[in-house]
Amino acid sequence: MAAPLSAEVLQDELAISVARVLTAANKRARELGMDVSRSLITVSQAVDNGTYWRVNYGPRDYIGRRGGDLIIEVDAGDASIKRVLRGQ
C-alpha cells in the first residue's frame, strides 16, 4: 500500500509524528506476535508528564469478546516505546 506523500502531508508535523509513532508501535506489536493487518487499531493522544500516543490493537470482531488487546504507548517526541500493556 505504498504511495508517495504529497508536499502538504510532508509539511504537516502532526501527520509525520503520528506516522512515526504508528511505525514504532507496529514494529513492537509484530515482535510480540500481533497480526497488525488483522487488528482493529485505534490511536489516541495523551498528555501526562509529556505528550504520548496510545496505540491499541484489538480484534476486529470485538462484539461479545473480552480482553486480548495490546496497548503500546509511544513518546510523541522521539517515537520511543514508553510502555506495553496486554489486556486479559
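The values are calculated or read from the model by the stated rules, or taken from the named source; none is laboratory data. Predicted, not measured: the structure shown is a model, and the values here were computed from it. Reconstructed Cβ throughout: ideal geometry from the backbone, glycine too, with neighbour counts over all protein chains shown.
Working only within the range 1-29, note down all residues that are farther than 23 Å from Arg83 by Cβ and under 14 Å from the mean Cα position of the chain (by Cα). The one that is farther than 23 Å from Arg83 by Cβ and under 14 Å from the mean Cα position of the chain (by Cα): Ala15. For first residues located in the range 7-35 and crowded, with 17+ Cβ neighbours inside 10 Å, partners that are assigned to a helix (DSSP H, G or I) and modelled with pLDDT of 90 or more and lie 6+ apart or on another chain with Cβ distances below 7 Å form the pairs Asn26/Val36; Ala29/Val36.
Taking the criterion of being among the small types (Gly, Ala, Ser) and either touching a residue at least 60 places away in the same chain (Cβ under 8 Å) or not in a strand (DSSP E or B) (or both), the residues of the range 36-58 that qualify are Ser37, Gly50. Among the residues of the range 30-60, those identified as under 9 Å from the mean Cα position of the chain (by Cα), within 16 Å of Asp75 (Cα to Cα) and aliphatic (A, V, I, L, M) are Val43, Val55.
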